[in-house]
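Beneath this line is the structure, given in structure tokens, with notes to follow.
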Amino acid sequence: MAVCLLALSATANAEPVTVASATSPDKVLKVSLQLDGGMPSYRVERFGQEVVGNSKLGFQLRDGRLDRDLAVLGQSTRSVDETWEQPWGERRVTRNHYNEFTVQLGETTGAKRRLDVVFRVYDDGLGFRYHFPEQPNLREAIIDDELTEFAITPASTAWWIPAGEPIHYEYLYQRTPLDQLPLAHTPMTLRSDEGLHVSIHEAALVDYAGMWLRRTDGQRLRAQLSPSAEGWKVRRALPFNTPWRTLQISDTAGGLVESSLILNLNDPNVLGDVSWVKPSKYLGVWWSMHLDEESWATGPKHAATTAKTKKVIDFAAKHGFRGVLVEGWNPGWNGMWVGNGYDFDFTRPTADFDIEALSAYGAKKGVHLIGHHETGCAIEHYEDQLDAALDLYARLGVDSFKSGYVCDDGQVDRRNPAGGPLWREWHDGQFMARHHLKVVQEAAKRHIAVNPHEPIKDTGLRRTYPNWITREGARGMEYNAWGQPPNPPEHEVNLVFTRMLSGPMDYTPGILSLKGRHGQAIPSTLARQLALYVVLYSPIQMAADLPEHYEQHREAFRFIEDVAVDWDDTRVLDGEVGDYVTIVRKDRNSRDWFLGSITDESGRVLPVSLGFLEPGVRYRAEIYRDGDGADFRSNPFAFKREVREVTSRDAMNIVLAPGGGQAIRFTPM
């Protein structure tokens, strides 16, 4: 790692001077920190070619900008090469190999405030963050915004969803030239005209506002922090670290998926033994409400009844599912609860849902109830009941729950401490970052896992808090029930290379009926619904359809019964953003491998080498594929299951129908 250190004072006419630089362990990337007249910036090169041009660093603080008249006060460097084991995840063992430099900067004029910048440089990307050290002239930082920039050099195409809009992360991804980007959420994925892939995101979002990306000029992006009701974006006592700003960089789209950079930039597990976190598959009292056949509200259409739930528990026990999610089990669903969750009671069930008896009934059959806390964005109303609600779950053996935050973005309720009108917060502002972590920490005390929907974005905190097991945070399967339009086939391919670069998603696949509300067609073939279990990673996977639909499609349902959810290894065999992807994963608890492949609206033939299989071993390949003439528009149920013997020396052609998919289980013979 080459490092240059110069003691500089700010001068008005100084040329940009590199004050520190580092290369990645195999010299793939080089990051340089510069001062230009006392103003810090950074740039990134890959094999000598510029990827990020000079990009500003700094803050707009309430007491003045902190991005000029800066000089180097000191520097430190280090190199790390270690491995660590995930208690659950896409792979068992993760390598954390980087070179790091820290530069301490200080103002030469005025209050002489100080700011440290830390860069970690990996072969597949980098992360950098700011550290506000303890100092006499700045006790508290009130941040109006960041001035961090990402000036992307090569002409690029971007895949993105808009930030600052009502439905949060639940938009279809747009594909535009980067120089036409307005305001976007992260992760945002870029592909240069030459084929270089870059993802911009953040890691370890703790007690801070989420980062949006705003284009200022050409391909220059600037961080814009999620708003706060109090006017500023972040308020913190010193010392503290900001989240990491991250760039994953790869020749291939698959390289972005295989990167562990986001996880590596998070702190290790602080919970100790987390063997109580159980990756598993589950059913639910859920889809029928989205079909408008039943209701969350009490009355004649109420879905969450004791009798209905017992039937789902029986089906789960028969087919080897560990959990049953039940929504609508508690008071508060009658009337308009969206953005108005003040009638929710999280400590008692409705009269027709015997939670005590159902918990005991499920336990006898090896099935756990999965809890549900829809807040309707009445955050402190929920927090007032949080301890009692979690104590109830702990007593009943409910060891995981789904939470919900259904309201327009920017309309999260927060009490005004002065007693005036309610304040309104954003789903990814500092207030909600604090709230989500509080829920996760309180749940961990009781050995309960958390799966938030309408959440704050994933930034890899599952490494630090392994009970933060999955989340939603994108347009999920429910949009196929009632969305206009439903999710097109390219959406799930896009998710792999965008949203899912941040972490697992509870997409809720497996709708084998291929029908939404009032018969709305789901844009998918039958085989594609199976492939989603491998392609869209989550350590808890829902079989989201109604039990009677699984009985109607027993041959396809067999794959859902058999597929694993916790992995020893994950590899992307091939893929392009928005077009297609093929992923293989090795089961952590057996020698089985599973393959999932999906395409967009176009049919494809994808050659696949089976070199990932163990050499010298014969495997039984159970293939679940699109049948002859399959097409998501005209013949979605054309489906074929077949079995053949294969070895690691073989190759296969994966034939995907338009909107189709293929799933394969490889079992040693």
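See the values below:
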| read-out | value |
| --- | --- |
| Between region 341-376 and region 280-299, the alpha-carbon center distance in angstrom | 14 |
| Overall form of region 17-265 per C-alpha gyration tensor (a/c, 1.5; a/b vs b/c) | rounded |
| Spacing of the two label points (7 Å from each Cα toward its C-beta) at R235 and V28, in nm | 4.3 |
| Gain upon complete extension [K364, Q60; 0.36 nm per residue less C-alpha separation] | 103.6 nm |
| Fully extended contour minus Cα-Cα distance, from K311 to V93, at 0.36 nm per residue | 74.5 nm |
| Inter-part distance where region 81-114 and region 304-338 are each reduced to a Cα centre, Å | 43 |
| Using alpha-carbon coordinates, inclination of helix 430-445 to the longest axis of the chain, degrees | 50 |
| Gain in span if fully extended, F637 to A357, counting 0.36 nm per residue against the direct Cα distance | 96.9 nm |
| Cα gyration tensor, the chain - rounded (a/c under 1.5), prolate or oblate | oblate |
| Relative contact order computed over the chain (Cα-Cα under 8 Å; 6+ residues apart), in percent | 10 |
| Charge dipole magnitude, Cβ of K and R +1, D and E -1 - region 449-499, Cα centre, debye nearest 20 | 260 |
| Rounded, prolate or oblate (a/c below 1.5 giving rounded, otherwise prolate when a/b exceeds b/c) for region 145-194 by Cα gyration tensor | oblate |
| Fraction of beta bridges assigned by DSSP in region 277-473 that are antiparallel (%, nearest 5) | 15 |
| FRET efficiency for A521 and V80, using Cβ-Cβ distance with R0 set to 45 Å, rounded to 0.05 | 0.30 |
| Lys, Arg +1 and Asp, Glu -1 on Cβ, resulting dipole of region 277-473 about Cα centre, debye, nearest 20 | 960 |
| Region 17-265: relative contact order as a whole-number percent, Cα under 8 Å and 6+ apart | 18 |
| Simple Cβ-charge dipole of the chain, Lys/Arg +1 and Asp/Glu -1, about Cα centre, in debye nearest 20 | 800 |
| Calculated FRET efficiency for the pair S602/T176, C-beta based, R₀ 25 Å, to 0.05 | 0.75 |
| Estimated inter-spin distance, E140 and A388, nm [label 7 Å along Cα→Cβ] | 3.2 |
| Separation between Cα centres of region 616-669 and region 160-200, rounded to whole Å | 33 |
| Estimated FRET transfer efficiency when R0 is 22 angstrom, pair H131-R214 (beta carbons, to 0.05) | 0.35 |
| Inter-label distance, nm, simple model (7 Å from Cα along the C-beta direction), S275/V17 | 5.8 |
| Over region 277-473, relative contact order from alpha-carbon pairs under 8 Å, at least 6 apart, % | 17 |
| ³J(HN,Hα), Karplus 6.51/-1.76/1.60, whole Hz, each residue of region 66-80, x for Gly, Pro | 10, 7, 8, 6, 9, 9, 6, 9, x, 7, 9, 9, 6, 10, 9 |
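Every number here is computed from the coordinates shown, using simple stated rules; none is lab data. What you see is a predicted model; the values in this text were computed from it and never measured. Virtual Cβ from ideal backbone geometry, glycine too; neighbours counted across all protein chains shown.
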